[in-house]
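Read through the structure below, which is laid out as structure tokens, and then see the notes.
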């Protein structure tokens with residue numbers, strides 16, 4: 001597989017591609033995470049990923065294969081974004097505590113005019129978390145760059161997640177096996 005461009009500054013996506021032994025370089029162009037109203041949740045994640053892919057495509061020479069992704073967390077039909085600060089992170093985790101939510105990652109692979117776009121969803125159930133556990137996690141791990149204010153591979157995932165239904169790596173930020181299959185089909 002030729003070297004691809006990862007249009008994401010997420011250290012987790014980078015790590016997952018490294019684990020999959022994909023050759024890539026990171027190129028990022030800032031984009032907002034705005035999306036039009038009326039989209040379903042899969043479409044929201046794909047829309048934001050597409051904006052990232054197009055922004056990077058526009059600054060690179062033709063012929064490069066670009067992979068972009070965006071992960072959202074949905075609780076009771078509400079998108080839970082990245083926390084603004086400590087209090088927001090505590091509030092988000094308090095909402096997720098004891099409940100099931102969905103983690104949806106939208107993926108876009110683009111090269112010239114050719115494009116593949118898809119989304120993958122994983123259901124995640126949290127145990128009831130105490131205020132002390134939530135504050136400990138937020139203060140120690142500072143999950144301010146994470147949708148839903150947590151990372152499944154960190155302490156809170158180890159002690160707080162009751163079960164999941166779907167791809168573990170999708171919750172980390174990239175459904176790797178689907179991405180690898182899509183890249184092979186694409187290239």
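The values are calculated or read from the model by the stated rules, or taken from the named source; none is laboratory data. Quick caveat, the model's predicted, so the values are computed rather than measured. Here the Cβ is made from the backbone with ideal geometry for all residues, glycine too, and neighbour counts use every protein chain on show.
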**OP:** Could you tell me whether any residue of segment 95-105 is outside any loop (DSSP other than H, G, I, E, B) and either on the phi > 0 side of the Ramachandran plot or modelled with pLDDT under 95 (or both)?
**Re:** no
Original post:
Got at least one residue in segment 56-72 being over 14 Å from the mean Cα position of the chain (by Cα) and in a helix (DSSP H, G or I)?
Top reply: yes
Subject >> Selection from segment 109-137 of residues that are more than 17 Å from residue 98 (Cβ to Cβ) and outside any strand (DSSP E or B) >> reply: 112, 113, 136
**OP:** For residue 145, indicate whether it is surrounded by fewer than 16 Cβ atoms within 10 Å (Cβ to Cβ) and closer than 24 Å to residue 52 by Cβ.
**Re:** yes
Original post:
What about residue 105, is it more than 19 Å from the chain's Cα centre (by Cα) and surrounded by 17 or more Cβ atoms within 10 Å (Cβ to Cβ)?
Top reply: no
Subject >> Single unsatisfied condition, residue 116 versus (1) surrounded by 14 or more Cβ atoms within 10 Å (Cβ to Cβ); (2) closer than 21 Å to residue 12 by Cβ; (3) touching a residue at least 40 places away in the same chain (Cβ under 8 Å) >> reply: (2)
Original post:
Which pairs do you get when a residue that is at positive phi and modelled with pLDDT of 95 or more, found in segment 139-156, comes within reach of a residue that is buried (at least 16 other Cβ atoms within 10 Å of the Cβ) and assigned to a loop (DSSP other than H, G, I, E, B), reach meaning Cβ atoms under 6 angstrom, with the pair 6+ apart or on two chains?
Top reply: 149/83; 149/143
